[in-house]
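Read the structure below first, then the notes.
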Amino acid sequence: MQEIIKNYVIKEYVEDDTELTYDSPLISGGIVDSFSMVSLKRFLENKYNISIPDDKATPEAFDSVNKICTLVREYLK
Amino acid sequence: MAYSNTTRGMYSDILTGLKDAGLFKQERFIHSAQAAEIEVEFPAGAPLKKVINICANNYLGMSSHPEVVKAAHEGLDSHGYGMSSVRFICGTQDIHRTLEQMVTKFLGTEDTILFPSCMDANAGVFEAVLTKDDVMISDRLVHASIIDGIRLCSAMHDTFKHSDMEHLEEKLQLHNDKRLKLVITDGVFSMDGDTAKLDKMVELCEKYDALLFVDESHSSGFIGKTGRGTHEHCGVMGKIDIITTTFGKGLGGASGGCVSGRKELVELCRQKARPYLFSNTIAPPVVAGVIKVLEILSASTDRRDKLENNTAFWRKGLIEAGLIIKAGDTPIVPVMLFNAKLAQDVSRDLYDEGIYAIGFFFPVVPQGQARIRTQISAGHEIHHLEKALEAFRKVGKKYDILGKSKQEIIDRYGM
Ligand SMILES: Cc1ncc(COP(=O)(O)O)c(C=O)c1O
């Protein structure tokens, strides 16, 4: 899951050759702007067939690949 | 009186912080009318200096056009100075509706509604026509006023990479379950001077049943064979659902803006758009001026043709001088310097040579992409441009950047 999400983030948001780790700060690090979180959320929901409530999709919860994985696992049944 | 010394101190520190970061903006006082040649007081208190202006949005040289000035005078005499009302209370004169109809015809749309500015048009339109069941998909480089409008709207928002049509298509697929999808772009992008691929965007919008929004502020009056805008240039007139544009640039340069497009959407703006409902009407002399501008531009393409020739001359001259410019064919021509300090130094030295052009750097443009944005006008004569080129050559030589590659400039000056 980590690798899938990381690859999505790179493809979607990284326009130069910035290195990304599972712990790189995405939103506070300026890689994903808070506007574009929407597509990340929708991607996760479609990919894992889950529904993440809006109040759980916070900038903090989306701030690294690892944190996103934690969030997704909460909703995977 | 709660403005205590502590509060004052806090704000002073913020301002000092801006100065330390090199982000503090200072105005230059212009003592003449807006034109190719202006008289400038800079810094404040300095003697007036006559310079050639190559950074105004005065694309068609209409800002001080004698016929436009005359029409504004006549409008002032016949319709007064102001209306002291928003449009829907008692702020709509016959000339406001006339102007709306003229803009509709000029842009080839169904209907038009005036706003106090294009900033206001962009701030009001999304909220007026979309709901939380919809999605806005915007180019990542759209103008700040569009971003503000998007923020004010309850619809979902997503972005696509600048001018990347494959990415846009992915986003249209991703959001295909939404009630409405609105694709949002600038026609000509103000910082890079590149043009949106409207033909391709129309095709995608038709394929995925999406609406298309284009901000034509930097195109209305001069892009396209008869100056109608990017939609004319791309052969998709009549296919743009919402156009916003300003009367503060090519179309006269005074103020005002509009939303033009599908008549139901325009009508919804009249019912619901907050800047239309809650901000004063465009002043009568300005309306009269814009009407004259549209008359002039509809009667002849001379001015946009001249602008096109000036632009070609300017772009060719800069390239021959060995400077790096962003490719394109619009009158927005960024001269790339990459380093913020270099951009500021070059701007200052150009000013000493009698050329008024401003450096842009982060956060206005991305880090490492500092530049001098030059903007060409039909008000320029070739001798103005020759003089400006001469100044660029001289200053470029001083900093040893002529004929140098991006990497060489970065190696020497940093990003
Ligand atoms: C693309 C774009 N849209 C809107 C505006 C705002 O226009 P106005 O000055 O009419 O508010 C500008 C002006 O800077 C602009 O560049």
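The values are calculated or read from the model by the stated rules, or taken from the named source; none is laboratory data. Model, not experiment: these values are computed from the prediction. Virtual Cβ from ideal backbone geometry, glycine too; neighbours counted across all protein chains shown. These accessible areas exclude ligands, DNA and RNA; they are computed on the full protein's heavy atoms, side chains included. Shrake-Rupley method; radii C 1.70, N 1.55, O 1.52, S 1.80 Å.
Filtered by the rule that a residue be within 14 Å of another protein chain (Cβ to nearest Cβ) and more than 17 Å from B:K178 (Cβ to Cβ), segment A:28-39 gives A:G29, A:G30, A:I31, A:V32, A:D33, A:S34. Do the conditions hold for B:V135, that is, is it within 16 Å of the ligand (Cβ to nearest atom), within 12 Å of chain A (Cβ to nearest Cβ) and modelled with pLDDT of 95 or more? Criteria not met by B:V135. Give the residues of segment B:28-64 that are within 16 Å of the ligand (Cβ to nearest atom) and free of Cβ contacts under 8 Å to residues at least 12 places away in the same chain, sorted by residue number. Once the filter is applied, which keeps residues that are within 16 Å of the ligand (Cβ to nearest atom) and free of Cβ contacts under 8 Å to residues at least 12 places away in the same chain, segment B:28-64 yields nothing.
Within segment B:96-116, the presence of at least one residue that is within 14 Å of the ligand (Cβ to nearest atom), closer than 29 Å to B:G224 by Cβ and of a type in the set (F, W, Y) is confirmed. The residues of segment A:1-34 that are closer than 23 Å to B:H175 by Cβ, open to solvent by 50 Å² or more (accessible area, probe 1.4 Å) and either in contact with a helix residue (DSSP H, G or I) (Cβ under 9 Å, 6 or more places away or on another chain) or charged (D, E, K, R) (or both), listed by number, are A:I4, A:K11, A:E15, A:D33. You will find that of B:A378, B:A357, B:A388, the residue that is in the same structural domain as B:V333 (by TED's automatic domain parsing), in contact with a Ser or Thr (Cβ under 7 Å, 6 or more places away or on another chain) and of a type in the set (A, V, I, L, M) is B:A357 and no other. B:E264 falls short on exactly one of the conditions (1) more than 12 Å from the ligand (Cβ to nearest atom); (2) out of contact with any Leu (no Cβ under 9 Å at 6 or more places or on another chain); (3) touching a residue at least 24 places away in the same chain (Cβ under 8 Å), and that condition is (3).
Selection of segment B:197-221 for residues being assigned to a loop (DSSP other than H, G, I, E, B), within 15 Å of the ligand (Cβ to nearest atom) and not charged (D, E, K, R) yields B:S217, B:H218, B:S219, B:S220, B:G221. Filtered by the rule that a residue be hydroxyl-bearing (S, T, Y), in contact with a Phe, Trp or Tyr (Cβ under 8 Å, 6 or more places away or on another chain) and either in a loop (DSSP other than H, G, I, E, B) or modelled with pLDDT of 90 or more (or both), segment A:31-74 gives A:Y48, A:S51, A:S64.
Scanning segment B:84-100 for residues that are free of Cβ contacts under 8 Å to residues at least 24 places away in the same chain and over 16 Å from B:V259 (Cβ atoms) yields B:I89, B:C90, B:D94. Scanning segment B:395-410 for residues that are outside any loop (DSSP other than H, G, I, E, B) and surrounded by 17 or more Cβ atoms within 10 Å (Cβ to Cβ) yields B:V395, B:G396, B:I409. Taken over segment B:373-394, the criterion of being surrounded by fewer than 22 Cβ atoms within 10 Å (Cβ to Cβ) and of a type in the set (K, R) is satisfied by B:K387, B:R393, B:K394. Of all residues in segment B:184-195, how many are within 11 Å of the ligand (Cβ to nearest atom), open to solvent by less than 20 Å² (accessible area, probe 1.4 Å) and either in contact with a Phe, Trp or Tyr (Cβ under 9 Å, 6 or more places away or on another chain) or not hydroxyl-bearing (S, T, Y) (or both)? So the count comes out to 5.
Take the conditions assigned to a helix (DSSP H, G or I), of a type outside the set (V, I, T) and under 23 Å from B:A128 (Cβ atoms) and apply them to B:L172. Does it pass? It is true that B:L172 is assigned to a helix (DSSP H, G or I), of a type outside the set (V, I, T) and under 23 Å from B:A128 (Cβ atoms). Restricted to helices (runs of 4 or more DSSP H) entirely inside segment B:253-336, those with at least 1 residues that are under 20 Å from the mean Cα position of the chain (by Cα) and at pLDDT 95 or above are B:274-278, B:284-299, B:302-321.
Table: residues versus (1) without any contact (Cβ under 8 Å) to a residue 40 or more places away in the chain; (2) open to solvent by 40 Å² or more (accessible area, probe 1.4 Å); (3) away from the ligand (no atom under 16 Å from the Cβ).
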residue: B:I223; (1), (2), (3): no, no, no
residue: B:V236; (1), (2), (3): yes, no, yes
residue: B:I242; (1), (2), (3): no, no, no
residue: B:T281; (1), (2), (3): no, no, no
residue: B:A299; (1), (2), (3): yes, yes, yes
residue: B:E308; (1), (2), (3): no, yes, yes
residue: B:I324; (1), (2), (3): no, yes, yes
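For segment B:125-136, the set of residues classified as over 16 Å from B:S217 (Cα atoms) and in a helix (DSSP H, G or I) consists of B:F126, B:E127, B:A128, B:V129, listed by residue number. Name the residue that is nearest to the ligand (Cβ to nearest atom), counting only residues in segment B:139-150 that are in a helix (DSSP H, G or I) and without any contact (Cβ under 8 Å) to a residue 24 or more places away in the chain. Here the answer is B:A144. Within segment B:362-388, the set of residues being in contact (Cβ under 8 Å) with a residue 24 or more places away in the chain and among the hydrophobic types (A, V, I, L, M, F, W, C) comprises B:V364, B:V365, B:A370, B:I372, B:I376, B:A378, B:I382, B:L385, B:A388. Only one of the numbered conditions (1) of a type outside the set (V, I, T); (2) open to solvent by 40 Å² or more (accessible area, probe 1.4 Å); (3) closer than 21 Å to B:T245 by Cα is violated by B:D77, and that is (3). Of the set (1) buried (at least 23 other Cβ atoms within 10 Å of the Cβ); (2) within 14 Å of chain A (Cβ to nearest Cβ); (3) more than 16 Å from the ligand (Cβ to nearest atom), all apply to B:V129 but (2). Within segment B:151-180, the set of residues being within 13 Å of chain A (Cβ to nearest Cβ) and in contact (Cβ under 8 Å) with a residue 40 or more places away in the chain comprises B:H175, B:K178.
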